[in-house]
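S.K.: Quick one: the structure is below, questions incoming.
The values are calculated or read from the model by the stated rules, or taken from the named source; none is laboratory data. A quick note: this is a predicted structure, and the numbers were derived from the prediction, not measured. Positions of Cβ are backbone-derived with ideal geometry, glycine not excepted, and every protein chain shown enters the neighbour counts.
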Amino acid sequence: MDGMQISKILKEARKFAKTALACEKYDIKIAVLGSCSIQYFVLLLRYYLFQNGITADIYEGEYNGIAMDVLDAGSGLYSFAPDAVIILPDYRDIKAYPKLLCDEDASQLCAGFIDGYKKMWAALTNRLPGITVLQGNFVLPLESPLGNLEANYKFSRRSFIRRINGELLNVRPANVILVDMEYLASAIGKRTWFDNSQYFLTKMPCSLECLWDLTELFAKQILALKGKVRKCLVLDLDNTLWGGVVSEEGCDGINLDPNNAVGESYLAFQQYVLPLKERGVILAVCSKNDEEVAKEPFMKNRYMKLKLTDIACFVANWEDKASNIKRIAKELNIGLDSMVFFDDNPAEREVVRQFLPMVEVIEAPEDPSDYVTALDEAMAFEWTQLTKEDIARNQSYIAETQRREMAGSFVDYGDYLKALDMRARIGIVLDNQIARFSQLINKSNQFNLRTQRYSEQTIAEYMKSDDAKCISAELRDKFSDYGLISCVILRRAGTVCFIDTWVMSCRVLKRGLEYMMFEHILSAAREWDCRAVVGEYIPTAKNGMVKDLYETLGFVPAESVEEIHKTTDDSALYSFDTAAEPSKKYYISAE
Amino acid sequence: MNIREELQEIFRDLFDDETIVLFDEMTADDIEDWDSLSNISLINDIEAHFKIRFTTEEIMSCKNVGAFIRLIEDKADK
């Protein structure tokens, strides 16, 4: 980005700041703390988030006042009560470096420095339960008084800052997300990142022209915290996964030749996509081709890295790509706004952009050797954590295909469900399940009754409370083990048991698991001696599928029940008498 | 367009005010939004537009529009 571009963005952001009306309720409250001047960062952050559908109320910390804000219980930071805190550090915060030739100094000084951060995180977390900390790491400066010796001694400044960055990772609690500013600065180039004149004059965290990149880095984490994550990569085939057109050149004529620079580019792209699949990104194909012709290279071309079994949904026909992407979303049961589209053809990209603006379309470069960089730099798959369910996700989509094939042989749906041989483990959430429990609550949009988002920290608080219960469900069937796929948070309010949160992964819809889950909710309510279970449905753009859930389960519509009131004007409350018995049948055995 | 006119465009654009007319003695007091923060943008815009680079001291010494114009003239000549 050059001076002209950042100037344009700043102008837009300034205009936005002037015209933006104060919201009644912001999507998120963020505090930004830094040892640098942060006004421009805040200006850009608010603008970036707004462009991506999030309204943010932002608290600007005092200049150079990180510790002041955090350690003083009476500070403006705490009365603001943010949901997330961004901490922007600078290498110039490090005041004490090891003495030359004193490696022992390095470990002691580092431990002391890190201790300061641990105390700060602890203070934040104690005073603001449920807070998520987005902690930037230290960008290594360009200057090297020892020259290349910096790399050869532990006592050197560069080695010391590296050690601090490494130690931040060793000690970070679950609610602290490290944000890799050092990586970003290196990727852009430190000679661009640092502008000494600007720093001396204004103390900005980086040069003006890099500020938008820095904003994006943090903003992507905020979006992920708010459940705005993408999880499916839709790929074109001809001239995207391989060189040439398979219907013309044939299965072995397409270019994937490891001895040809262009062929190698396509291979490298496939090789980049595979680890995406491993981390839980769902792969889909959307190609204008005859299906058989399109599938042939996956089965027969010896250089193909991607196999048919890597693709969760394969669509090849002659319909337009916008319709086909919709079809993929429907088949995988995921939202269009969780999809990313990669296609070499600008016309196809334009169609998708126009008709499906919620799909992220990657601006694929002309040269296939740049495909990996383009997809990588788009930072499309920013999540705040990785769980074993993510890693198993693709496998379970592939098992879904086998399941569907089996379903075809049954006339009666109940018979099919029985044949699936489903087994579920439902119970109080365990410590080692918190990460996944929180991930599911924060990512689920469709089967989600109230769409409340909670951090791991808040969930841990609920787990400790006598007036709350966190219940999770794991499910497996004869084809796959889904892991943890449903979460419930119950709160005792007087003589009623309130269903604060109820979410379920869309991969296990229509299995009857919600009926089994309800029995557990009911027995939890009875354990508390509650007279009723109260549920609420808060409509969003996405959760229409659970609109009638409570009525289906035998709940009756209710107005305010004791201290439980409707959250919004259009939400609905329901009540279920704990003396009554649940009526829905299911075919899942307990384990 | 001469330097003064081009600079005026930059000011109008940055402060989003088409009525700004520059005069030599004009300072940050004359434009509501011209503060230390927007001054960073102003310097950036001037440097990008005229393809010049100010030194730290020059930026510190530019207190009014006349000083900016003299400096730009000086630099753009070279």
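S.K.: Would you check which residues across segment A:180-230 are farther than 20 Å from residue A:5 by Cα and outside any helix (DSSP H, G or I) and list them?
M.R.: A:180, A:203, A:226, A:227, A:228, A:229, A:230 - these are the residues of segment A:180-230 that are farther than 20 Å from residue A:5 by Cα and outside any helix (DSSP H, G or I).
S.K.: Also, I was wondering about something else. What number of residues within segment A:76-108 satisfy the criterion of being at pLDDT below 90 and either buried (at least 17 other Cβ atoms within 10 Å of the Cβ) or among the small types (Gly, Ala, Ser) (or both)?
M.R.: So the count comes out to 1.
S.K.: State whether the residues of segment A:503-523 include one that is at pLDDT 95 or above and in a strand (DSSP E or B).
M.R.: Within segment A:503-523, one or more residues are at pLDDT 95 or above and in a strand (DSSP E or B).
S.K.: Looking only at helices (runs of 4 or more DSSP H) that fall completely inside segment A:249-341, which ones have 1 or more residues that are closer than 24 Å to residue A:541 by Cβ? Steps first, answer last, please.
M.R.: On the way: elements: A:261-278, A:291-300, A:321-332.
Per the criteria, A:321-332.
S.K.: Quick check on residue B:44: is it modelled with pLDDT under 90 and within 12 Å of the chain's Cα centre (by Cα)?
M.R.: Here the answer is no, as residue B:44 does not meet what is asked.
S.K.: For residue A:229, all conditions in the list (1) more than 23 Å from the chain's Cα centre (by Cα); (2) of a type outside the set (S, T, N, Q); (3) crowded, with 19+ Cβ neighbours inside 10 Å hold save one; what is the number of the exception?
M.R.: Failing condition for residue A:229: (1).
S.K.: When both residues are 6+ apart or on different chains and their Cβ atoms are under 6 Å apart, which pairs have a first residue that lies in segment A:319-335 and is at positive phi, and a second that is β-branched (Val, Ile, Thr) and surrounded by fewer than 19 Cβ atoms within 10 Å (Cβ to Cβ)?
M.R.: Taking only residues 6 or more apart or on different chains, not a single pair turns up.
S.K.: When you go through A:91, A:97 one by one, which is the residue that is farther than 30 Å from residue A:460 by Cβ, hydroxyl-bearing (Ser, Thr, Tyr) and under 29 Å from the mean Cα position of the chain (by Cα)? Talk me through it step by step, then tell me what you get.
M.R.: Working: A:97 fails: under 29 Å from the mean Cα position of the chain (by Cα).
It is A:91.
S.K.: Which residue is surrounded by the most Cβ atoms within 10 Å (Cβ to Cβ), if the candidates are limited to segment A:1-43 and must be away from chain B (no Cβ under 12 Å) and among the charged types (D, E, K, R)?
M.R.: The qualifying residue surrounded by the most Cβ atoms within 10 Å (Cβ to Cβ) is A:27.
S.K.: Within segment A:48-63, can you find the residues that are without any contact (Cβ under 8 Å) to a residue 40 or more places away in the chain, surrounded by fewer than 23 Cβ atoms within 10 Å (Cβ to Cβ) and away from chain B (no Cβ under 14 Å)?
M.R.: We begin by selecting, within segment A:48-63, every residue without any contact (Cβ under 8 Å) to a residue 40 or more places away in the chain; these are A:50-51, A:55, A:57-62.
Now restrict to residues that are surrounded by fewer than 23 Cβ atoms within 10 Å (Cβ to Cβ): A:50-51, A:55, A:57-60, A:62.
Selection gives A:50, A:51, A:55, A:57, A:58, A:59, A:62.
S.K.: Ok, one more. Of everything in segment A:573-591 that's surrounded by 17 or more Cβ atoms within 10 Å (Cβ to Cβ) and among the aliphatic types (A, V, I, L, M), which residue is farthest from residue A:476 (Cα to Cα)?
M.R.: So the residue we want is A:573.
S.K.: Looking only at segment A:254-267, count how many residues are surrounded by 14 or more Cβ atoms within 10 Å (Cβ to Cβ), more than 17 Å from residue A:307 (Cβ to Cβ) and not β-branched (Val, Ile, Thr). Step through it out loud before you land on a result.
M.R.: Step one: filter segment A:254-267 for residues surrounded by 14 or more Cβ atoms within 10 Å (Cβ to Cβ), giving A:254-257, A:262-267.
Filter once more, so that each one left must be more than 17 Å from residue A:307 (Cβ to Cβ): A:255, A:257, A:262-265.
Subset that is not β-branched (Val, Ile, Thr): A:255, A:257, A:263-265.
Total satisfying the criteria: 5.
S.K.: Exactly one condition in (1) in contact with a helix residue (DSSP H, G or I) (Cβ under 8 Å, 6 or more places away or on another chain); (2) surrounded by fewer than 17 Cβ atoms within 10 Å (Cβ to Cβ); (3) without any contact (Cβ under 8 Å) to a residue 24 or more places away in the chain; (4) closer than 30 Å to residue A:442 by Cα is not met by residue A:362; state its number.
M.R.: (2)
S.K.: Output the number of residues of segment B:35-67 satisfying the condition of being more than 10 Å from chain A (Cβ to nearest Cβ) and either touching a Cys at 6+ places or on another chain (Cβ under 8 Å) or without any contact (Cβ under 8 Å) to a residue 40 or more places away in the chain (or both). Steps first, answer last, please.
M.R.: We begin by selecting, within segment B:35-67, every residue more than 10 Å from chain A (Cβ to nearest Cβ); these are B:50, B:52, B:61-67.
After this cut, where a residue has to be either touching a Cys at 6+ places or on another chain (Cβ under 8 Å) or without any contact (Cβ under 8 Å) to a residue 40 or more places away in the chain (or both) as well, the list is B:52, B:61-63, B:67.
Adding up the residues that qualify gives 5.
S.K.: Of the conditions (1) of a type outside the set (A, V, I, L, M); (2) without any contact (Cβ under 8 Å) to a residue 60 or more places away in the chain; (3) within 28 Å of residue A:338 (Cα to Cα), residue A:421 fails just one. Which one is it?
M.R.: For residue A:421, the exception is condition (3).
S.K.: Could you tell me whether segment A:110-119 includes any residue that is touching a Ser or Thr at 6+ places or on another chain (Cβ under 9 Å) and not β-branched (Val, Ile, Thr)?
M.R.: The first filter runs over segment A:110-119 and keeps only residues touching a Ser or Thr at 6+ places or on another chain (Cβ under 9 Å), leaving none.
No.
S.K.: Separate question: If you go through segment A:552-569 one residue at a time, how many are under 19 Å from residue A:579 (Cβ atoms) and either within 27 Å of the chain's Cα centre (by Cα) or of a type in the set (D, E, K, R) (or both)?
M.R.: Total satisfying the criteria: 1.
S.K.: Six or more apart or on different chains, Cβ atoms under 6 Å: show the pairs whose first residue is in segment B:4-19 and over 13 Å from residue B:66 (Cα atoms) and whose second is not in a helix (DSSP H, G or I).
M.R.: So the pair list comes out as B:11/B:20; B:12/B:18; B:12/B:20; B:15/B:31; B:15/B:33.
S.K.: Taking residue A:130, is it at pLDDT below 95 and not in a loop (DSSP other than H, G, I, E, B)? Break it down into steps so the answer makes sense when it comes.
M.R.: Working: at pLDDT below 95: yes; not in a loop (DSSP other than H, G, I, E, B): no.
So residue A:130 does not fit the description; no.
S.K.: If you don't mind, there's one more thing I want to ask. Could you figure out which of (1) assigned to a helix (DSSP H, G or I); (2) β-branched (Val, Ile, Thr); (3) farther than 16 Å from residue A:225 by Cβ; (4) under 26 Å from the mean Cα position of the chain (by Cα) isn't true of residue A:125?
M.R.: Among (1) assigned to a helix (DSSP H, G or I); (2) β-branched (Val, Ile, Thr); (3) farther than 16 Å from residue A:225 by Cβ; (4) under 26 Å from the mean Cα position of the chain (by Cα), the lone unmet condition for residue A:125 is (3).
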